[in-house]
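Engineer: Below: one structure in structure tokens.
The values are calculated or read from the model by the stated rules, or taken from the named source; none is laboratory data. Because the structure is predicted, anything quoted here is derived from the model rather than measured. Heads up, the Cβs are rebuilt from the backbone with ideal geometry, glycines too, and the neighbour counts pull from every protein chain shown.
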Amino acid sequence: GEDVEQSLFLSVREGDSSVINCTYTDSSSTYLYWYKQEPGAGLQLLTYIFSNMDMKQDQRLTVLLNKKDKHLSLRIADTQTGDSAIYFCAEESNYQLIWGAGTKLIIKP
Amino acid sequence: KAGVTQTPRYLIKTRGQQVTLSCSPISGHRSVSWYQQTPGQGLQFLFEYFSETQRNKGNFPGRFSGRQFSNSRSEMNVSTLELGDSALYLCASSLDSGTDTQYFGPGTRLTVL
């Protein structure tokens, strides 16, 4: 079946850039998503990218898509303590979303 | 616009009981999806409803069921609860399709003792 993979943890220093990576398997996915989950909360849509785009920028967030390698990344510039959360990558496949396991972003002072 | 609301937020049940969780989607959204989130299994898709019909189903036993009402509100039911059903149950709504941008509620935390 289709699969989405992410590293489980990423640790960065406050003020640095964070890059969270994701690989997916369904080359026919039209949209790919990034969601954020803070402790005890539901998932918040951060951004998404249409499959015919290579890059999308939204304030501190930059999404890069490499369709050939089926690789998606989320870059957070100037990482702040409020960015501490779990970040989920999701691809659409067969009329449902397939989720990665989530990357926990840890911010070091 | 109000976001997705889920009730109750927390629930404690014992093994063998049944439970019903409720989800009210964003106004105008017709698709409601349900997910189970556990530390071990991550986010797993339960089912999706659109116009009162189950359109998509994940790989869960028949103890997990759901329904959608004409106002798009949805309920999910779990019968004969097991310890392993302890999880955060998330509901998400979208305009038309389960793959349109989904907006999530805060979840219902179910603990089975």
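Engineer: Assess whether A:GLU38 counts as being within 14 Å of chain B (Cβ to nearest Cβ), surrounded by fewer than 21 Cβ atoms within 10 Å (Cβ to Cβ), touching a residue at least 40 places away in the same chain (Cβ under 8 Å) and not hydroxyl-bearing (Ser, Thr, Tyr). Can you show your working first?
Structural biologist: Working: within 14 Å of chain B (Cβ to nearest Cβ): yes; surrounded by fewer than 21 Cβ atoms within 10 Å (Cβ to Cβ): yes; touching a residue at least 40 places away in the same chain (Cβ under 8 Å): yes; not hydroxyl-bearing (Ser, Thr, Tyr): yes.
Yes: the conditions hold for A:GLU38.
Engineer: Return the residue satisfying two criteria in turn: it lies in region B:36-61 and is closer than 16 Å to B:TYR89 by Cβ and hydrophobic (A, V, I, L, M, F, W, C), and of such residues it is surrounded by the fewest Cβ atoms within 10 Å (Cβ to Cβ).
Structural biologist: Result: B:PHE60.
Engineer: Here's something else I'd like to know. Take region B:69-86 and flag every residue that is among the aliphatic types (A, V, I, L, M) and surrounded by 13 or more Cβ atoms within 10 Å (Cβ to Cβ).
Structural biologist: The initial filter retains those residues of region B:69-86 that are among the aliphatic types (A, V, I, L, M), namely B:76, B:78, B:81, B:83.
Across region B:69-86, the qualifying residues are B:MET76, B:VAL78, B:LEU81.
Engineer: Okay, next question. Restricting region A:68-97 to residues that are under 12 Å from A:CYS22 (Cα atoms) and more than 10 Å from the chain's Cα centre (by Cα), which is surrounded by the fewest Cβ atoms within 10 Å (Cβ to Cβ)?
Structural biologist: Filtering first and then ranking leaves A:ASP69.
Engineer: Next question. Run B:TYR10 past the list (1) surrounded by 13 or more Cβ atoms within 10 Å (Cβ to Cβ); (2) within 14 Å of another protein chain (Cβ to nearest Cβ); (3) modelled with pLDDT of 95 or more and report the number of the one that doesn't hold.
Structural biologist: Only one criterion in (1) surrounded by 13 or more Cβ atoms within 10 Å (Cβ to Cβ); (2) within 14 Å of another protein chain (Cβ to nearest Cβ); (3) modelled with pLDDT of 95 or more is unmet by B:TYR10, namely (1).
Engineer: Every residue in region B:87-99 that is crowded, with 17+ Cβ neighbours inside 10 Å and not hydrophobic (A, V, I, L, M, F, W, C), please.
Structural biologist: So the first thing to find is which residues in region B:87-99 are crowded, with 17+ Cβ neighbours inside 10 Å, and the list is B:87-94, B:97-99.
Within region B:87-99, B:TYR89, B:SER93, B:SER94, B:SER97, B:GLY98, B:THR99 meet the criteria.
Engineer: Output the number of residues of region B:32-64 satisfying the condition of being more than 18 Å from B:GLY107 (Cβ to Cβ) and either in contact (Cβ under 8 Å) with a residue 40 or more places away in the chain or part of a strand (DSSP E or B) (or both).
Structural biologist: The qualifying residues number 6.
Engineer: I've got another one for you. May I ask you to verify whether A:LEU10 is in contact with a Leu (Cβ under 6 Å, 6 or more places away or on another chain), more than 14 Å from chain B (Cβ to nearest Cβ) and of a type outside the set (Gly, Ala, Ser)? Before you say what the answer is, go through the steps one by one.
Structural biologist: Working: in contact with a Leu (Cβ under 6 Å, 6 or more places away or on another chain): yes; more than 14 Å from chain B (Cβ to nearest Cβ): yes; of a type outside the set (Gly, Ala, Ser): yes.
The answer is yes for A:LEU10.
Engineer: Oh, and also: Answer yes if at least one residue in region B:6-16 is closer than 18 Å to A:LEU45 by Cα, of a type in the set (Ser, Thr, Tyr) and in contact (Cβ under 8 Å) with a residue 40 or more places away in the chain, and no otherwise. First the steps, then the outcome.
Structural biologist: Kept after step one, since they are closer than 18 Å to A:LEU45 by Cα, are these residues of region B:6-16: B:6.
Of the ones still in play, those that are also of a type in the set (Ser, Thr, Tyr) are none.
No, region B:6-16 has no match at all.
Engineer: Between a residue in region A:54-73 that is within 23 Å of A:ASP3 (Cβ to Cβ) and any residue that is basic (Lys, Arg) and surrounded by 13 or more Cβ atoms within 10 Å (Cβ to Cβ), which pairs come within a Cβ distance under 6 Å, given they are 6 or more apart or on different chains?
Structural biologist: Pairs found: A:VAL63/A:LYS56.
Engineer: Restricting to strands (runs of 3 or more DSSP E) lying wholly in region B:65-113: which have 1 or more residues that are within 14 Å of chain A (Cβ to nearest Cβ), closer than 21 Å to A:LYS36 by Cβ and among the polar types (S, T, N, Q)? Show your work before the answer.
Structural biologist: Working: elements: B:74-78, B:87-94, B:108-112.
The qualifying strands (runs of 3 or more DSSP E) are B:87-94, B:108-112.
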